[in-house]
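The values are calculated or read from the model by the stated rules, or taken from the named source; none is laboratory data. All values derive from a computational prediction rather than experimental measurement. We place every Cβ from the backbone using ideal geometry, glycine too, and count neighbours over all the protein chains shown. The area values use the complete protein model at the heavy-atom level, side chains included, leaving out ligands, DNA and RNA. Shrake-Rupley method; radii C 1.70, N 1.55, O 1.52, S 1.80 Å.
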Amino acid sequence: MADHPKITLDFRKTLGNFTLDLNCTLEKKVTAFLGASGSGKSTLLNCISGILSPDDGRIVFGDEALYASDAKINMPPEKRRFGYVFQEGHLFPHLTVVQNIHYGQPRNLRKNPNSISRLLEILEISELLQRYPKQLSGGQRQRVAIARSLAMEPRLLLMDEPLASLDSGLKNRIIPYLHHIKNAFEIPILYVTHAISEAMALADEAFLLSDGRITANGEPYQLLTIPSALPIANLAGVENILSLPIVNSDEHRGVTELEIGSQRLIIPYIETKIGKEVPIAIRAEDIIISLEPNLPISARNMLKGTIDAIDDQTLLSIHVEGFHLSVKITHEAREQLQLCKGKEVYCVIKANAVNLLWHDS
């Protein structure tokens, strides 16, 4: 794989009472910035694209300064040649799909019918070329918006929560197309989102943004196991994110076993190497508390742990072999089981309730 220009971000931008203050270097092909609404994700992309000008500092793409306050450099957006995909696509409503795509192309390629053939094939939009945006589904509009951005042959592709306006079914269908783009084009991508699944599926590195500052960075599945990432996890309704090694995988039985201390967590079979760590997510409401092991039920997992905290009477924190699991219970269940801090319990988890966030496929 070709080397990609590194991107140096060392700048500040104040908007009202909010200040984005960054100092980092991006060197991976796909970098994700994760953060809740108001954390500075869109401001970051707008400064990189040139739509906004920082107050001071520098933005460097490879060896080229896009913005440098000390040298009074501020390259206009059109000269940066960066593609930008927005949440809503922002297609021109009076133009057909093919006209929208050609609009982003360099003039010397607009009359060449073969210049966008690869894009049309990868994004599977050949049959949509003569339609207008109002005749497209949400997922189709986003694929056309991505094609338009790529047709300009950008040096960098900026993506501002491009799947945020889609329902979960459409998101799952669009993510494979983004994978194809990542693998087919030697273009670095900067992807901002608050969705864990998107970062896990696409990014080589992730930065966690909070109140305009980076609080952590690393590989996505590692980053999201740290406490500071919990607000992002909670946005997606996933309270428990763990990274556990595979100790056994049996295709015939259809199960894979993960190691959590001296205990085992069974999940549906995945084809990958023994010893490899995989990140998983479990919703707090998908864990049942029992006071006894070996119940005659269909759930495959029974993890022994100790209650170390009870929050607002309905959220338990269970310590399991060095890990903490959050479990939602009712007031009635808490009283009936006489749950309290320090009590030994068993976490009952169905194998299908364990969601794999990422793995080599």
Restricted to Cα positions, what overall size does the stretch 42-153 have along the principal axes? Three whole-Å values, descending. 50, 28, 23
Taking 252-262, 143-153, 291-301 and ranking on average Cβ neighbours within 10 Å, highest first, one gets 143-153, 252-262, 291-301
When the chain is treated as a GNM, springs tying every alpha-carbon pair under 10 Å, which of Glu285, Glu277, Glu127 comes out with the largest mean-square fluctuation? Glu127
Listed residue pairs exceeding 25 Å between alpha carbons, taken from Lys171/Lys273; Lys28/Lys276; Lys171/Lys304; Lys29/Lys134; Lys41/Lys350: Lys171/Lys273; Lys171/Lys304; Lys29/Lys134; Lys41/Lys350
Heavy atoms only, probe 1.4 Å: what % of the accessible area of the chain goes to carbon and sulfur, would you let me know? 47
Assigning unit charges at the beta carbon (Lys, Arg +1; Asp, Glu -1) and nothing else, what dipole magnitude in debye, to the nearest 20, does the chain show about its Cα centre? 1300
Give the shape of the chain as rounded, prolate or oblate, defined through the alpha-carbon gyration tensor: a ≥ b ≥ c are the square roots of its eigenvalues, a/c under 1.5 means rounded, and otherwise the shape is prolate if a/b is larger than b/c and oblate if not. prolate
Reduced to Cα centres, the span from the stretch 187-216 to the stretch 1-70 in Å works out to 13
I'd like to check one number: the per residue accessible area of the stretch 112-157, probe 1.4 Å, reported in Å² as a whole number. 47
Under-5 Å amide H pairs with Ser210, H placed in peptide plane, nonlocal only: Thr215
Accessible area per residue in Å² at 1.4 Å probe, computed on the stretch 1-80: 48
